[in-house]
Every structure is written in C-alpha cells, then in structure tokens.
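Single-structure report; data block below.
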Amino acid sequence: MNSLPDRHSIIIGKNWQTAVMFVLGFWLSSSLVLDTLIVPSLYRTGMMSQTDFASMGYVVFGAFNRMELLCAALTIVSVLVLHYYHHLSERQDRLSIILSGVLFAIAIIYTYILTPQMSGLGLQLNLFEPTTSAFPAAMMGMQISYWGLEIIKLLAGVTLLRWFYTKAMGN
C-alpha cells in the first residue's frame with residue numbers, strides 16, 4: 001500500500017487547516033454580525049411589524065442559511081481530511097468530527113425547519129382578515145430554539161477554531 005511521505009501530509013494538513021480556520025472565522029463572524037447588528041436594527045426600526053416582513057425575512061435568512069450550509073459542509077470536509085492525516089490529538093480528533101457534525105445539523109435545522117416555519121407563521125394568507133402586529137405564540141418557541149442553537153453553534157465553532165489555531169501556532 002502506498003502512503004504519502006510525511007512532508008506531503010504536513011503540507012496537505014496545513015492547507016486544510018487554513019481552510020477550516022478561514023471558513024469558521026467567516027461563518028462565526030457573519031453570524032455575530034447578523035445576530036448583534038442586523039436583527040436588532042430590523043427590530044428597532046419596526047420592520048418586523050410590517051406585513052411583508054415574513055417574505056423579506058425568508059429571502060434574507062434563506063440566503064444566509066444556504067451560506068451556512070456551504071460553510072458547514074466545508075468545515076466537515078476539512079475536519080475529515082485532517083482526521084485522515086491525524087492532525088489533532090486522538091481525543092480532539094474524535095470530538096472535532098462530532099462538533100463539525102453538530103454544526104452541519106444546526107445549519108440543516110435552520111435551513112429546512114426553523115426559517116420556513118418562522119416565515120410561514122409571519123405570512124398573512126387571508127387578505128380579508130385584519131392584520132395584527134401581535135407576536136404569534138408559536139413564534140416564541142422557535143425564537144428560543146434559534147437562540148439555543150445559535151449558542152451551541154458559536155461554542156462548537158469557537159472550540160474548533162481554537163483547536164486548529166493552537167495547532168497552527170504550535171507547528
């Protein structure tokens with residue numbers, strides 16, 4: 001069986017390590033911008049109480065969710081390549097696969113469950129019914145789910161980023 005020389009595995013490992021650090025940095029920073037700047041700004045300006053906010057929110061968050069899916073896929077591929085080359089310690093190696101899987105699952109939940117359901121609750125489908133600016137009760141549970149998943153995503157992403165950054169600085 002042919003095996004790659006150590007020099008090649010180090011070069012491949014550094015390239016994938018750089019890729020996963022870039023992807024995680026981009027993904028986490030864009031999530032923080034969305035969560036701490038854009039969403040509060042929309043709330044303060046009253047845009048969330050507009051009747052067409054649900055469709056606009058679906059377009060914006062749907063596009064962001066697709067970007068999150070791409071970042072999650074790149075993260076899990078990078079982690080699997082680095083696992084193949086035994087780039088981290090054995091414990092971190094196994095946990096990094098689990099954490100990248102959790103990040104991928106969160107991106108899938110956002111894209112295919114939470115965003116469509118939240119947008120569906122905000123749509124007014126009956127033109128003859130007066131609009132209400134009341135917050136639907138079911139929306140509160142979804143908001144709590146979103147923020148809980150967001151905290152898990154940030155913790156998992158920062159943990160992975162810290163491990164790969166520490167490994168990059170050590171070598």
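General remarks:
- Net charge of Cβ neighbours under 14 Å - reference G170; Lys, Arg +1; Asp, Glu -1: +3
- Ranked by the mean number of other Cβ atoms within 10 Å per residue, highest first, peptides 74-83, 22-31 order as 74-83, 22-31.
- Phi angles across segment 66-74 convert, under the Karplus curve 6.51 cos²θ - 1.76 cosθ + 1.60 with θ = phi - 60°, into 3J(HN,Hα) values of 5, 5, 5, 4, 5, 5, 5, 5, 5 Hz, Gly and Pro given as x.
- ³J(HN,Hα), Karplus 6.51/-1.76/1.60, whole Hz, each residue of segment 28-37, x for Gly, Pro: 5, 5, 5, 5, 5, 5, 4, 6, 9, 10
- Computing FRET efficiency as 1/(1 + (r/R0)^6) for I108 and V158, where r is the C-beta to C-beta distance and R0 is 25 Å, gives about 0.80.
- With the highest mean first, a sort of the peptides 145-156, 62-73 on other beta-carbon atoms found within 10 angstrom per residue produces 62-73, 145-156.
- In order through segment 84-95: 3J(HN,Hα) via Karplus (6.51 cos²θ - 1.76 cosθ + 1.60), integer Hz, x for Gly, Pro: 4, 8, 6, 7, 10, 5, 4, 5, 5, 4, 5, 5
- Surface analysis of segment 32-105 yields an accessible area of 58 Å² per residue, using protein heavy atoms and a 1.4 Å probe.
The values are calculated or read from the model by the stated rules, or taken from the named source; none is laboratory data. Please read these numbers as outputs of a predicted model, since none were measured by experiment. Counting neighbours? That spans all protein chains shown, and the Cβs are built from the backbone with ideal geometry, glycine included. With ligands, DNA and RNA removed, areas are computed over all heavy atoms of the protein, side chains included. Shrake-Rupley method; radii C 1.70, N 1.55, O 1.52, S 1.80 Å.
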